[in-house]
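The next block holds one structure in the form of structure tokens; read it before the comments.
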Amino acid sequence: MNEGLAAGAPLVLDLLNYIEQVEKLKTKPAFTVPAEFFVAHQHELRGLPELQFNLQADGDDVWLRMPRLQEIAPPELDEQLKPWVSLPKNPEKSPELKSETVTYDGKREVARAQLKDHPEVQKAFDWYVEYLWGPWAAAERPRRKTIARYNQLFSLQQAISSEGAETPLELVWGVGYATWKKEGFATALKYPLIVQACEVSLNEKTFDLEVRPRDVEPRLEADCYAEME
């Protein structure tokens, strides 16, 4: 019985290798980085507040640490400006000064004022935008980008964690970005030359997201070149 199993083992391995090769033929090589779940290029992450790269501590390599930041609200309006100004929470949208303001007592209108009759309001608004809202917006825009990136990466981390080892999702770190349009070939190439499989984990104390390389060899992405012969 044991001899039969031993004799059959090479046939099983040949069958598995055949299935693997067939699956490779069915899978189209990637020519561009898929963006359905998460993609971030170096120039998009560099300069974002509080992101940290290439950390080493106690033999642990962390290639990216992304903090969980909170939104900061725009500066408060003073009592003079509050009735006149529409103040969005988004730093990409500027505050707007109303041309008139209406005061109500319940549902009954009791007063109406025109901006043209209150030059002091325009002056106070201009000062607010230049010295309070402007500096806040300049600092908050990159913070909001960090928050958006965190939310994207957190969603991916949750998806991978919930699926466990069976998940079809894999996070990789690309090195050496190649761009090429081969003459006579329809598809343009925009893809890393080398990718390193990574894992993303949630630090339960700080809620930082940390990306580490997995304990596997990096791989050369050559399938697209083979497809172009």
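The values are calculated or read from the model by the stated rules, or taken from the named source; none is laboratory data. Predicted, not measured: the structure shown is a model, and the values here were computed from it. All Cβ positions, even for glycine, are placed from backbone atoms using ideal geometry, and neighbour counts span all protein chains on display. Calculation scope for accessible area: heavy atoms of the full protein, side chains included, ligands and nucleic acids excluded. Shrake-Rupley method; radii C 1.70, N 1.55, O 1.52, S 1.80 Å.
Looking at residue 153 and the list (1) closer than 24 Å to residue 60 by Cα; (2) in contact with a Pro (Cβ under 8 Å, 6 or more places away or on another chain); (3) not β-branched (Val, Ile, Thr), which single condition is not satisfied?
Unmet condition: (2).
Go through (1) in contact with a Ser or Thr (Cβ under 9 Å, 6 or more places away or on another chain); (2) loosely packed, with under 12 Cβ neighbours inside 10 Å one by one and return the number of the condition residue 205 breaks.
In the conditions (1) in contact with a Ser or Thr (Cβ under 9 Å, 6 or more places away or on another chain); (2) loosely packed, with under 12 Cβ neighbours inside 10 Å, residue 205 misses (1) alone.
Regarding region 153-160, can at least one residue be identified that is touching a Lys or Arg at 6+ places or on another chain (Cβ under 9 Å) and free of Cβ contacts under 8 Å to residues at least 12 places away in the same chain?
For region 153-160, residues touching a Lys or Arg at 6+ places or on another chain (Cβ under 9 Å) and free of Cβ contacts under 8 Å to residues at least 12 places away in the same chain: absent.
Only one of 56, 70, 42 is open to solvent by 80 Å² or more (accessible area, probe 1.4 Å), modelled with pLDDT under 90 and closer than 24 Å to residue 155 by Cα. Can you tell me which?
42
Going by the structure shown, is residue 24 surrounded by 10 or more Cβ atoms within 10 Å (Cβ to Cβ), among the charged types (D, E, K, R) and modelled with pLDDT of 85 or more?
no
Which residues, taken from region 182-202, are closer than 23 Å to residue 212 by Cβ and of a type in the set (D, E, K, R)?
Scanning region 182-202 gives a single hit, 199.
Taking only pairs six or more apart or across chains, which ones have beta-carbon atoms under 8 Å, a first residue in region 27-39 that is free of Cβ contacts under 8 Å to residues at least 24 places away in the same chain, and a second residue that is β-branched (Val, Ile, Thr)?
From residues that are free of Cβ contacts under 8 Å to residues at least 24 places away in the same chain, the pairs are 39/33.
Being over 28 Å from residue 157 (Cα atoms), at pLDDT 90 or above and not β-branched (Val, Ile, Thr) is true for just one of 50, 109, 76. Which residue is that?
76
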